[in-house]
Amino acid sequence: MRKNIVAGNWKMNNNLQEGIALATDLQAALQGKTLQCDVIIGTPFIHLATVAGTIDPRLIGVAAQNCADRASGAFTGEVSAAMVASTGAKYVILGHSERRTYYGETNAILKEKVLLALANDLTPIFCIGEVLDERNAGKHFDVVEKQVAEGLFGLSPADFAKIVIAYEPVWAIGTGKTATTEQAQEMHAFIRKIIAEKYGQSLADGVSILYGGSCNAGNAKELFANPDVDGGLIGGASLSVEKFLPIVEAF
Ligand code: PGA
């Protein structure tokens, strides 16, 4: 069933105490409100267990920002999907453009991560999106289709139905430059169309497709009003309750 979702992506921000304070403050701000969307926070690994153990999962879901592409073993410095799941986190952000760009994550690697996440009952929030040169060259649909096909189209329909997709045009991430509501809707409709071609319309209609890239209190309402935009993946504006709450309330 398609859900509205507003997910924060803290990236590499907040030490443990700051992160716990932010999560706790957010929970206090959400308490007693009737929300039209699910709220998720994507924290660094160090916060996961404490935050997941502190906050009410009915109010806020907890996401990791990555997991390993191997199940376990001698992979120094890595954190497995099973470890993420053992903290109480229910989601994992995979394939963020910063991971693809700075850490060499390919669609082939991401495919393994998605399978491990699903095997450990984590919901992947799978990020896709083109860089500016690709958009200017008119290749943005091809790029996004390849990311979806290579990363996700090996999944069974039952598994695909568990995926959340985040379309984040790379040129809009952290730049203050947002996709126009038309650009967002056009790409989200395209993504839903290719999912429908592969898995059928009814499955495609159930997939939540989030927009990310300089989404904020000022533009969230307009972006979320599009029929194929089911929420947002929020970076900078997720780092304070004051900025994040109005985005949650944009639904
Ligand atoms: P931003 O980041 O909201 O700071 O642009 C979004 C993201 O990278 O998920």
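Below, the figures for the structure above:
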{"item": "Residues located in segment 35-69, provided they are hydroxyl-bearing (Ser, Thr, Tyr) and outside any loop (DSSP other than H, G, I, E, B)", "result": "50, 54"}
{"item": "Residues within segment 207-247 that are assigned to a loop (DSSP other than H, G, I, E, B) and closer than 15 Å to residue 40 by Cβ, tallied", "result": "5"}
{"item": "Which numbered condition residue 58 fails, given (1) open to solvent by 40 Å² or more (accessible area, probe 1.4 Å); (2) touching a residue at least 24 places away in the same chain (Cβ under 8 Å)", "result": "(2)"}
{"item": "Hits in segment 82-128 - residues which are touching an Asp or Glu at 6+ places or on another chain (Cβ under 8 Å), open to solvent by 10 Å² or more (accessible area, probe 1.4 Å), small (Gly, Ala, Ser) and closer than 21 Å to residue 160 by Cβ", "result": "85, 108"}
{"item": "Selection within segment 133-160 - within 18 Å of residue 116 (Cβ to Cβ), open to solvent by 60 Å² or more (accessible area, probe 1.4 Å) and out of contact with any Lys or Arg (no Cβ under 9 Å at 6 or more places or on another chain)", "result": "158"}
{"item": "Scope segment 12-50; condition surrounded by fewer than 17 Cβ atoms within 10 Å (Cβ to Cβ), within 24 Å of residue 127 (Cα to Cα) and touching a residue at least 40 places away in the same chain (Cβ under 8 Å); matching residues", "result": "13, 36"}
{"item": "Test for residue 53: is it on the phi > 0 side of the Ramachandran plot and either modelled with pLDDT of 95 or more or open to solvent by 40 Å² or more (accessible area, probe 1.4 Å) (or both)", "result": "no"}
{"item": "Answer residue from segment 169-184, given it is within 13 Å of the ligand (Cβ to nearest atom) and either open to solvent by 10 Å² or more (accessible area, probe 1.4 Å) or basic (Lys, Arg) (or both) and is farthest from residue 129 (Cα to Cα) among those", "result": "176"}
{"item": "Residue within segment 226-249 that is of a type in the set (Lys, Arg) and over 28 Å from residue 20 (Cβ atoms) present", "result": "no"}
{"item": "Test set (1) within 17 Å of the chain's Cα centre (by Cα); (2) part of a helix (DSSP H, G or I) - residue 162 fails condition number", "result": "(2)"}
{"item": "Count of residues meeting criterion [out of contact with any strand residue (DSSP E or B) (no Cβ under 6 Å at 6 or more places or on another chain), within 16 Å of the ligand (Cβ to nearest atom) and assigned to a loop (DSSP other than H, G, I, E, B)] in segment 70-122", "result": "2"}
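Per-residue answers, yes or no, for (1) over 18 Å from residue 38 (Cα atoms); (2) more than 15 Å from the ligand (Cβ to nearest atom); (3) free of Cβ contacts under 8 Å to residues at least 24 places away in the same chain; (4) under 15 Å from the mean Cα position of the chain (by Cα):
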{"position": "188", "(1), (2), (3), (4)": "yes, yes, no, yes"}
{"position": "195", "(1), (2), (3), (4)": "yes, yes, no, no"}
{"position": "200", "(1), (2), (3), (4)": "yes, yes, no, no"}
{"position": "207", "(1), (2), (3), (4)": "no, yes, no, yes"}
{"position": "218", "(1), (2), (3), (4)": "yes, no, yes, no"}
{"position": "225", "(1), (2), (3), (4)": "no, yes, no, no"}
{"position": "229", "(1), (2), (3), (4)": "no, no, no, yes"}
{"position": "233", "(1), (2), (3), (4)": "no, no, no, yes"}
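The values are calculated or read from the model by the stated rules, or taken from the named source; none is laboratory data. What you are looking at is a predicted structure, and each value in this text was computed from that prediction instead of being measured. As a convention, Cβ positions derive from the backbone with ideal geometry for all residues, glycine included, and neighbour counts pool all protein chains shown. Areas reflect the complete protein model, heavy atoms only, side chains present, ligands, DNA and RNA absent. Shrake-Rupley method; radii C 1.70, N 1.55, O 1.52, S 1.80 Å.
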